[in-house]
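Written out below as C-alpha cells is the structure these notes cover.
The values are calculated or read from the model by the stated rules, or taken from the named source; none is laboratory data. Since the model is a prediction, treat every value here as computed from it, not as a measurement. Here Cβ is always computed from backbone atoms with ideal geometry, including for glycine, and neighbour counts include all displayed protein chains.
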Amino acid sequence: MVMMNDDHLRKALIGAVFFVITACVISQIMMQLGGGERDDPLTFDGNVVDETLGTEEIEFEDGLPPFISSAGGFYPERAIFDAGIGIGGLLMMAFSFELYHRTKPVERHQKIANVCGLISGIVIGFSMFNIIAYPFNTEFDMHIFWAMIIFVGAQFWAICLTVARSQIDYELTWKDWQVNNLRWILFASIFVSFHAMLLLVMNGYVIASAVFEWLLMISSQFYLLTFVPTLSKGGSVVSKN
C-alpha cells in the first residue's frame, strides 16, 4: 500500500530536500549576520555533554558556532529553522512509511533491513520534530541528546535502506551512475562526517566540526534523492523482479 503516486512522491521528495536545505542555509545566514546576543560567549556543561563529547565543559568564546542548529536560538531566524526542521521531520516519517511499502525485498536479511529502515526513519523524524523544542543556546544537554539520535539514526537508516534495496535497484542508474553505488558513497559520507565532526569538536576545532555537520546533513538529504530515479510517470516502481 502506498500513499502517493510516483509523480506526487517525486515532487514531494525534491521539494522536501530543497525546503530543508534552504531553511538551514537562510537561518544560518541570518544568525551569522544578526549580531547582538548571538556573539556573546557561551559555556556549557552537563551529563549529556560529558557522556557524548567526553568533556566536562564546552566553551564558545565567539558566541554561537556555525552549527546548523545554532540558528534555532534567537528570532527571527529561529522561526525559519523551526519550520525547516519541524516540517522536515514530519515529512521524514511520512517518507519512511512510503519507502517501506514500496520496498519489497525477497531475502530475509533485506526484509529485516527494510523494517529497521522504517523504524530508524521514524525515530529520525520524531527527533527532528523534538529538537526544535530545545534550543542550542538554552537547552544544550537535551539539544545534544536529540542531535545524537538524529546523527546516529541517519547512519543506521542509510545502511538499512541501502541493503534493503540492493537487489531491487541493482540495474538502476542515474546519469550513468549506479544508484546503489551512489547510496554507498553517500552512506560513507554520512559515516565519515559524523565521526570527523565528533573528533574535531572534542579537540576544539569548532569551525571544522561544523563543516562536517553540514556535510552530514547535505549527504543525508541527497540520499533521499536517490529514490527519485526509482519513480516512473507510468506507475510505482518497487521491484525489477
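List of remarks:
- Condition check for residue 113: over 21 Å from residue 3 (Cβ atoms), modelled with pLDDT of 95 or more and touching a Cys at 6+ places or on another chain (Cβ under 9 Å): yes
- Among the residues of this structure, residue 194 does not count as one that is surrounded by fewer than 20 Cβ atoms within 10 Å (Cβ to Cβ), in a helix (DSSP H, G or I) and among the hydrophobic types (A, V, I, L, M, F, W, C).
- Residues (hydrophobic (A, V, I, L, M, F, W, C) and surrounded by fewer than 16 Cβ atoms within 10 Å (Cβ to Cβ)) located in the stretch 155-184: 174, 177, 184
- The stretch 165-208, residues that are of a type in the set (Phe, Trp, Tyr), in contact (Cβ under 8 Å) with a residue 24 or more places away in the chain and farther than 23 Å from residue 153 by Cα: 170, 174
- The residue that is nearest to residue 74 (Cα to Cα), counting only those in the stretch 101-151 that are among the β-branched types (Val, Ile, Thr) and out of contact with any helix residue (DSSP H, G or I) (no Cβ under 8 Å at 6 or more places or on another chain), is 138.
- Residue 64 buried (at least 18 other Cβ atoms within 10 Å of the Cβ) and closer than 16 Å to residue 40 by Cβ: yes
- Residue match in the stretch 194-210 (condition: of a type in the set (S, T, N, Q), farther than 30 Å from residue 75 by Cα and touching a helix residue (DSSP H, G or I) at 6+ places or on another chain (Cβ under 7 Å)): no
For (1) assigned to a helix (DSSP H, G or I); (2) surrounded by 15 or more Cβ atoms within 10 Å (Cβ to Cβ); (3) at pLDDT 95 or above, each residue gets a yes or a no:
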| site | (1), (2), (3) |
| --- | --- |
| 19 | yes, yes, yes |
| 22 | yes, no, yes |
| 49 | yes, yes, no |
| 52 | yes, yes, no |
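- Out of 129, 136, 140, sole residue that is among the aromatic types (Phe, Trp, Tyr), touching a strand residue (DSSP E or B) at 6+ places or on another chain (Cβ under 8 Å) and at pLDDT below 95: 140
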